[in-house]
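Quick note: the coordinates plus some simple rules give every number you see, no bench work behind them. This structure is a prediction, so every number in the text was calculated from the model and none was measured. Cβ atoms come from the backbone with ideal geometry, glycine included; neighbour counts cover every protein chain shown.
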4 protein chains.
Amino acid sequence: MTFREIVGVHPLPGSLIRQLLLRCAEECLDCAASCIACADVSLSENDLELIRVIRVALDCADACEPTGRIAIRQSAPDIRLIRGVVEGCAAACLACAEECERHAVDHEQCRLCAEVCRRCKAACDEFLAH
Amino acid sequence: MTFREIVGVHPLPGSLIRQLLLRCAEECLDCAASCIACADVSLSENDLELIRVIRVALDCADACEPTGRIAIRQSAPDIRLIRGVVEGCAAACLACAEECERHAVDHEQCRLCAEVCRRCKAACDEFLAH
Amino acid sequence: MTFREIVGVHPLPGSLIRQLLLRCAEECLDCAASCIACADVSLSENDLELIRVIRVALDCADACEPTGRIAIRQSAPDIRLIRGVVEGCAAACLACAEECERHAVDHEQCRLCAEVCRRCKAACDEFLAH
Amino acid sequence: MTFREIVGVHPLPGSLIRQLLLRCAEECLDCAASCIACADVSLSENDLELIRVIRVALDCADACEPTGRIAIRQSAPDIRLIRGVVEGCAAACLACAEECERHAVDHEQCRLCAEVCRRCKAACDEFLAH
């Protein structure tokens, strides 16, 4: 995605933290879009079993999208704020991955969505470890 | 706001948790809109001192708005997800309140915004205490 | 909501356009939250008839929320951008109102949501008329 | 991005409209992230000339992101709603492209952002032409 090139122009020098944040942002935006798609496919199946998937996927999209926005910004960061939001995002990705994995055998959208959520959680965790 | 009436129709019975979540949602939506307004007024002042306010207020709006969405939903909740996101929101509100308070004497938008952030943090904390 | 007080501090002088935009913002934020609640209550009813309501209410929330953000900002506005987004929002509110009205007799969440969508559309139209 | 694979699982058959919407969604998500990055880099430069860029880029991100969400969904679409929102998004991309182009020579973030906005507007227009 193009935002990496634009962030590369930022007057503040690059750093490992920035690289981890941009990786996190990329996964968050991929995950948010995947969760919206998963909730939509699941809605169209009108299966009582999938209500929890839909709810959690909508929440996970709502958690990931702003985390991506926040991780893109480099000016005057507040590190506690960023850590708090990324922790919340990791919790959302874990919950969505676990719920989707319960339906992964029968619902391909859930299998794909769980994979993206696991990747996004890993990127959040890697940032939080530093 | 009208969403309370609509949530009142939800087939799941009401509870203390729901009341705390709806209070949280209301404060989150008020806080998100206030942070957008604070960032915008601060931007128009073109004051180097306010760059950090603008950054943190944009982040806080981005954290509060989806927390409001998630707190409104009552179907099939995942409590770890909700707690994680509300904790992230509380961290964002605290950071924004502290930054805005530094400028509250000279910038009325910061004084007002800090108050809303403190209220929103309190509503998040009250939910998290249960 | 508190954002009105904060916008009142903006260095640019107030105007009729600003009053119309702030009214629009208020209705957009109320409508977005109401659509999220309506989609959630409808999801919990697991009724095939309500799939279209859920889809359109999710879309309407997604259209209204950023329109509210844009209408709150007063610095350096681009009037074509604002008009374009408000027109899109009005189209979303109309579609959601009409879909919800089809289910208003049997589903109280739809009756309430349709009312808010009509109000939001009216606020958008009033801005667009100036 | 992964959402294309997930949408490929949707029970409704694919179509030209779907391909155009998914292209539009991809550009919208790229554009939203680019506008956030452009506003952030511009903010850090603290240049009075860039206030309009920041305002319009924030608005454009807010217009593109939900348009991406709406374009991803395939269940029970309301075509007037989708067209209205995509038209608003195209207006936002045009405004942001034009404003960024004014600063493209001196500000690399604006040059890059304008390119993405033009691409996103083209994808919106291509959908609207069908």
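Quick notes on this structure:
- Note on the range B:17-81: Cα-only Rg and Dmax are 14.5, 46 Å.
- Placing unit charges on the Cβ atoms only, positive for Lys and Arg and negative for Asp and Glu, gives chain B a dipole magnitude near 680 debye about its Cα centre.
- Cα-only Debye scattering, chain A: base-10 log of I(q)/I(0) at q = 0.18 Å⁻¹: -0.85
- When the charge dipole of chain B is built from unit charges on Cβ atoms (+1 for Lys and Arg, -1 for Asp and Glu) and taken about the Cα centre, the candidate among B:94, B:70, B:48 whose Cα reaches farthest toward its positive end is B:70.
- Dipole moment magnitude, nearest 20 debye, the range A:77-130 about Cα centre, only Lys, Arg, Asp, Glu C-beta charged: 160 debye
- Screening chain B for whole DSSP H helices of 18 Å or more along their axis (Cα) with average Kyte-Doolittle hydropathy at least 0.0 returns B:16-45, B:51-72, B:79-102.
- Taking every residue in B:53-60 and counting other chain Cβ atoms within 10 Å of its Cβ, the average works out to 6.
- Using only side-chain charges placed at the Cβ, +1 for Lys and Arg and -1 for Asp and Glu, the dipole size of the protein assembly as shown relative to its Cα centre rounds to 0 debye.
- Under Stokes-Einstein, with the Kirkwood radius over Cα pairs as Rh, the value for the protein assembly as shown at 25 °C and 0.890 mPa s is 111 µm²/s.
- Peptide A:107-118 has a mean of 3 when you count, residue by residue, the C-beta atoms of other protein chains within 10 Å of its C-beta.
- From its DSSP helices (H runs of at least four residues, each -39,500 (n - 2.57)), chain A gives a residue-normalised ellipticity at 222 nm of -27000 deg cm²/dmol.
- Most mobile listed residue (C:49, C:87, C:98) in chain C, GNM with C-alpha springs under 10 Å: C:49
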